[in-house]
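Colleague: Handing you this structure, nothing more for now.
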Amino acid sequence: MRERQASQGARRAREFEAFVAGAAGRLLHTATLLTAEAPNANPRARRLLTLALARTYASWDRLRGEDPYDRTRAYLAVRFAHRAWHQYGALGRARPHPGSTLANLAPQERLVLVLRLYEGVAEEQTAALLGLPTERVHAICDRATATLLHPPRPPAPAVTGAKVAAS
Amino acid sequence: MSRVEREAAARRIMEQTPPRVPPDLCADAVRLGDRLLRRRTLALRLAWLLLWAATVAFTVWALTVRPWVEPPSETTPPLTGW
């Protein structure tokens, strides 16, 4: 019994390591886009990804043919959605890094944009994952794309602060 | 600019400068995941233990108190003197 458990643990560790070696780069890029940090200074994205990967590892034996990448991405998105309110709320403890490509977007806009366009998740699946109506996902994605392609001209710090406090 | 072009442009912007993966990411995830697994196993064991203890306690109580037996009547006066 104990021997079988040990061999199962070894197999799980081996498979998981192979999965991480293949998927970590893309997942870390996704996480860094979500947290709007600079590509080379992304402690929160790393933490987010480590926690999501840990949960995937814990449920590795019960995946039953499900794609571990999808599972990890779903953990990542849901965890970010839950944490976004605390981290970016009225206090604005963690401001987006100006070096990030998505610094002008709100957390929810980043989340929808990254899931829809960067990860290519279907609109219905994104809506189901985040618990939003499909039309709302569509609207947020359109707005985020527009903001990304035509960023607001003067990023005055006072205006940004007021906007964050108002929302 | 059509919708498809806009989406393609946004995708291109997002794909710039991928971050470097730290080497200890996998080890950290495995460490955290193992801890999660151990805790989950422990919680499951505790839950089963609790269920078992509750079942045993209920059985013992039922066998000693016998709540299904009709209690002796207390309203009829005792029949004496005939």
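The values are calculated or read from the model by the stated rules, or taken from the named source; none is laboratory data. None of these values were measured; they are calculated from a predicted model. Every residue, glycine among them, receives a Cβ derived from its backbone with ideal geometry; neighbour counts consider all protein chains shown.
Colleague: Return the residues of the stretch B:1-25 that are of a type in the set (Ser, Thr, Tyr) and more than 7 Å from chain A (Cβ to nearest Cβ); say none if nothing qualifies.
Modeller: B:SER2
Colleague: Right, another one. Within the stretch A:123-134, does at least one residue satisfy the condition of being modelled with pLDDT of 90 or more and under 24 Å from B:PRO18 (Cα atoms)?
Modeller: Checking the stretch A:123-134: at least one residue is modelled with pLDDT of 90 or more and under 24 Å from B:PRO18 (Cα atoms).
A quick yes/no check of all residues on (1) surrounded by 19 or more Cβ atoms within 10 Å (Cβ to Cβ); (2) at pLDDT 90 or above; (3) touching a strand residue (DSSP E or B) at 6+ places or on another chain (Cβ under 6 Å):
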{"residue": "A:ARG14", "(1), (2), (3)": "no, yes, no"}
{"residue": "A:ALA18", "(1), (2), (3)": "no, yes, no"}
{"residue": "A:GLY22", "(1), (2), (3)": "no, yes, no"}
{"residue": "A:HIS29", "(1), (2), (3)": "yes, yes, no"}
{"residue": "A:GLU37", "(1), (2), (3)": "yes, no, no"}
{"residue": "A:ASN40", "(1), (2), (3)": "no, no, no"}
{"residue": "A:ALA45", "(1), (2), (3)": "yes, yes, no"}
{"residue": "A:THR50", "(1), (2), (3)": "yes, yes, no"}
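Colleague: Could you tell me how many of the residues in the stretch A:20-45 are more than 24 Å from A:ALA144 (Cβ to Cβ), at the interface with chain B (Cβ under 9 Å from one of its Cβ atoms) and touching a residue at least 12 places away in the same chain (Cβ under 8 Å)?
Modeller: 2
Colleague: Sticking with this structure for a sec: Name every residue in the stretch B:26-39 that is within 7 Å of chain A (Cβ to nearest Cβ) and either of a type outside the set (Asp, Glu) or surrounded by fewer than 16 Cβ atoms within 10 Å (Cβ to Cβ) (or both), in order of residue number.
Modeller: Matches in the stretch B:26-39: B:CYS26, B:ALA29, B:VAL30, B:LEU32, B:GLY33, B:LEU36, B:LEU37.
Colleague: All but one of (1) modelled with pLDDT of 85 or more; (2) surrounded by fewer than 15 Cβ atoms within 10 Å (Cβ to Cβ); (3) under 19 Å from B:LEU32 (Cα atoms) hold for A:GLU66; which doesn't?
Modeller: Result: A:GLU66 passes all but (3).
Residue by residue, here is whether (1) surrounded by 14 or more Cβ atoms within 10 Å (Cβ to Cβ); (2) touching a Ser or Thr at 6+ places or on another chain (Cβ under 8 Å) holds:
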site: A:LEU102; (1), (2): yes, no
site: A:PRO107; (1), (2): yes, no
site: A:LEU111; (1), (2): yes, no
site: A:LEU115; (1), (2): yes, yes
site: A:GLU124; (1), (2): no, yes
site: A:ALA127; (1), (2): yes, yes
site: A:LEU148; (1), (2): yes, yes
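Colleague: Of the numbered conditions (1) assigned to a helix (DSSP H, G or I); (2) under 30 Å from A:LEU115 (Cβ atoms), B:PRO19 satisfies every one except a single condition; which is it?
Modeller: (1)
Colleague: Just one of (1) loosely packed, with under 14 Cβ neighbours inside 10 Å; (2) away from every other protein chain (no Cβ under 13 Å) trips up A:ALA77, so point out which.
Modeller: Failed condition: (1).
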